[in-house]
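Worksheet: the structure to be examined is printed underneath.
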Amino acid sequence: MARAVTTQRKVTNTVIAWGVGLLIFFPILWTILTSFKTEAQAISDPPLFLFFDWTLENYAIVQERSDYMRFLWNSVIIAGGSTVLGLVVAVPAAWSMAFVPSRRTKDVLLWMLSTKMLPAVGVLYPIYLIFIRLGLLDTRGGLVIVIMLINLPIIVWMLYTYFREIPGEILEAARMDGAGLREEILYVLTPMAVPGIASTLLLNFILAWNEAFWTLNLTAATSAPLTAFIASYSSPEGLFYAKLSAASTMAIAPILVLGWFSQKQLVRGLTFGAVK
Amino acid sequence: MASGRPIQLFRNMTAKIAAIPMILTALVIFVGGTAWTVVYSFTNSKLLPRANFVGLDQYERLWNTNRWIVSIENLLIYGICMLVLSFIIGFVLAALMDQKIRFENTFRTIILYPFALSFIVTGLIWQWLLNPDFGVQNVVRGLGWVSFEFDPLNNSSIVIYGVLIAGLWQGTGLVMVLMLAGLRGIDQEIWKAARVDGIPMWKTYLYIVVPMLRPVFITSIVIIASGIVRVYDLVVAQTAGGPGISSEVPAKYVYDYMFQGQNLGQGFAASTMMLLAVAIVIIPWAYLEFGSRNRG
């Protein structure tokens, strides 16, 4: 429940809120606008806001230089694959923690979450060695597995908090009616948890999409996703801001669009389920 | 019911089995991998890991390396400022907006957008916005303040604050949305009661509202803190550690020694130090925070 305030304050606050919102959004907006300028317009002084000759040439150049679609496809496969795989592993685990808790459930959950706080560099080299041994270096499959593992604690934790809100009696009733374990999880629990699962999916997808540490270190030419695409533009293109903006826009557009059409899930997902 | 017990037993069994894949992978990868790294940090491995133990030599060298000291200092500055500032800014903004805002979902989505971006993109965007010729400095000068100077990325003594600005931009929206949600959960009656008793607004916030927001604070701390320890991509994209070594961070030190300096032992020692530091901070706190609820 929000605090009751006068209408006048309400208007002022809304204006402040949207002012702050625009301020926060401005860097993204500016990047998108710049991507449609020519290089000369991009660095013009004073800066041009809307009144410039809109052009698509930067996008054409970026696409010609590096095959955007290949990076995009890699990102989709890696983020999508690790999300689906993560869900397959996490749903049974979260189910068991939420509905058949043992004395150690809380400890396991805490320990798992704490691994998320550890610096990834600690396990980078062992994983690198395993990758070489198994021939997984620079493959999408390898990245799917690693990123799934990195995000698994968060997925389990989020699913656990959502599952816990579902009354166990309903599952029990299903069992009384003769539902097996598989049916119980697949047809009773999952449909009830759909909103929670959707938010978890979206969060995990975004985390996997943005994962740079592992993707930069474990991929080269063939399986590099969009994070590598944009990183490749950072140094040599340092002074070509319009092209850099076009590349950035191409890298973030899928997330911005996806987020826009799933605002509720996005907010709940990005806040790790804290906002209901 | 007579059949109740075996079914219960069976359920417990399946529950254990259901959790096994997750626990196993976490165990093998995190514990196994970490242990491996710690063991090899005591060797003089160069290009390839070799089990040639040299005691604490790598650690001695590590703490005698200026770049490592700079990295630690930077992480401390970045970490403390990030936590404190994102909390203060996030809370103040949330308190200002604690009421129904029009198009609220859209508003929250926009506020959260930076958090949905990769650190690489954030780093690039802010590299540009902080560029003295086209960015903030130029805009302020254009507004008439000609002597205005703000060029953090080329000034080695304040470059880490330039990185901090980008980090804050990415993380503060999240803290704000979390706190806003927390404030919404507070009963209207509390505000009324405080007003009736004549308690000043700031006191109500400090002594009544903030303690009630504890769970939200914890979630925020966990998310922000886990981002701080891992800060790597942002620095790589925004400053590449420069100018010189003035914006280096520990994760980058580890990475550079392992893959570019071809000195694995040194990299392992540095990453072991990072693990140790995190463990010293996290473990006691986590047990105080979550452990008590376990028994309560």
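Out of all the residues in the range B:17-35, is one or more modelled with pLDDT under 70, over 32 Å from the mean Cα position of the chain (by Cα), within 10 Å of chain A (Cβ to nearest Cβ) and exposed (fewer than 15 other Cβ atoms within 10 Å of the Cβ)? So far as the range B:17-35 goes, no, none of its residues is modelled with pLDDT under 70, over 32 Å from the mean Cα position of the chain (by Cα), within 10 Å of chain A (Cβ to nearest Cβ) and exposed (fewer than 15 other Cβ atoms within 10 Å of the Cβ). Being more than 7 Å from chain A (Cβ to nearest Cβ), in a helix (DSSP H, G or I) and more than 30 Å from residue B:226 (Cα to Cα) is a condition met by no residue of the range B:152-173. When residue A:199 is tested against (1) within 17 Å of the chain's Cα centre (by Cα); (2) surrounded by fewer than 20 Cβ atoms within 10 Å (Cβ to Cβ), exactly one condition is not met: (2).
Given the options B:194, B:240, name the one that is small (Gly, Ala, Ser) and on the phi > 0 side of the Ramachandran plot.
Sole residue among the options that is small (Gly, Ala, Ser) and on the phi > 0 side of the Ramachandran plot: B:240.
Number of residues in the range A:213-243 that are among the aliphatic types (A, V, I, L, M) and open to solvent by 10 Å² or more (accessible area, probe 1.4 Å): the value is 6. The set of residues from the range A:222-276 being facing chain B (nearest Cβ under 7 Å), modelled with pLDDT under 85 and under 26 Å from residue B:219 (Cβ atoms) comprises A:263, A:264, A:266, A:267, A:270, A:271, A:272, A:274, A:275.
I need the full set of residues from the range A:40-95 which are of a type in the set (Ser, Thr, Tyr) and modelled with pLDDT of 90 or more, in order please. Passing the criteria: A:75, A:82, A:83. Screening the range A:1-118 for helices (runs of 4 or more DSSP H) wholly inside it with 1 or more residues that are over 30 Å from residue B:97 (Cβ atoms) returns the ranges A:39-42, A:57-65, A:68-99, A:105-117.
Restricting to the range B:87-109, and then to whatever is of a type in the set (Phe, Trp, Tyr) and touching a residue at least 60 places away in the same chain (Cβ under 8 Å), can you tell me which residue is farthest from the other protein chains (Cβ to nearest Cβ)?
Applying the first criterion (of a type in the set (Phe, Trp, Tyr)) to the range B:87-109 yields B:87, B:91, B:103, B:107.
Filter again for touching a residue at least 60 places away in the same chain (Cβ under 8 Å), leaving B:87, B:91.
Numbers: B:87: 15, B:91: 13 Å.
Selected residue: B:87.
Mind checking whether some residue in the range A:80-94 is without any contact (Cβ under 8 Å) to a residue 40 or more places away in the chain and open to solvent by less than 50 Å² (accessible area, probe 1.4 Å)? So far as the range A:80-94 goes, no, none of its residues is without any contact (Cβ under 8 Å) to a residue 40 or more places away in the chain and open to solvent by less than 50 Å² (accessible area, probe 1.4 Å).
Has the range B:139-150 got at least one residue that is open to solvent by less than 20 Å² (accessible area, probe 1.4 Å) and either at pLDDT 90 or above or part of a helix (DSSP H, G or I) (or both)? Even if it seems obvious, please write down each step before you answer.
Within the range B:139-150, the first condition is being open to solvent by less than 20 Å² (accessible area, probe 1.4 Å), and the residues that meet it are none.
No, the range B:139-150 has no match at all.
Hey, does the range A:111-118 have a residue that's in contact with a Ser or Thr (Cβ under 8 Å, 6 or more places away or on another chain), farther than 21 Å from residue B:36 by Cβ and open to solvent by 40 Å² or more (accessible area, probe 1.4 Å)? Scanning the range A:111-118, I find no residue that is in contact with a Ser or Thr (Cβ under 8 Å, 6 or more places away or on another chain), farther than 21 Å from residue B:36 by Cβ and open to solvent by 40 Å² or more (accessible area, probe 1.4 Å), so the answer is no. Does residue A:207 qualify as being under 15 Å from residue A:89 (Cβ atoms), touching a helix residue (DSSP H, G or I) at 6+ places or on another chain (Cβ under 6 Å) and within 12 Å of another protein chain (Cβ to nearest Cβ)? Answer is no for this residue. The test for being charged (D, E, K, R) and modelled with pLDDT of 85 or more does not hold for residue A:103. Is one or more of the residues making up the range B:129-137 at the interface with chain A (Cβ under 7 Å from one of its Cβ atoms) and at pLDDT 85 or above? Yes, that holds for at least one residue.
Against the numbered list (1) touching a Cys at 6+ places or on another chain (Cβ under 8 Å); (2) within 30 Å of residue A:6 (Cα to Cα), residue B:161 comes up short only at (2).
The residue that is least open to solvent (accessible area, probe 1.4 Å), counting only those in the range A:16-64 that are more than 10 Å from every other protein chain (Cβ to nearest Cβ) and β-branched (Val, Ile, Thr), is A:62.
Restricting the search to helices (runs of 4 or more DSSP H) fully inside the range B:185-296 and requiring at least 3 residues that are in contact (Cβ under 8 Å) with a residue 24 or more places away in the chain and either surrounded by 15 or more Cβ atoms within 10 Å (Cβ to Cβ) or away from every other protein chain (no Cβ under 11 Å) (or both) gives B:214-229, B:233-238, B:250-255, B:264-286.
The values are calculated or read from the model by the stated rules, or taken from the named source; none is laboratory data. Being a predicted model, the structure only gives us computed values, none of them experimental. Cβ sites come from the backbone with ideal geometry, for glycine too, and all protein chains shown count toward neighbours. Calculation scope for accessible area: heavy atoms of the full protein, side chains included, ligands and nucleic acids excluded. Shrake-Rupley method; radii C 1.70, N 1.55, O 1.52, S 1.80 Å.
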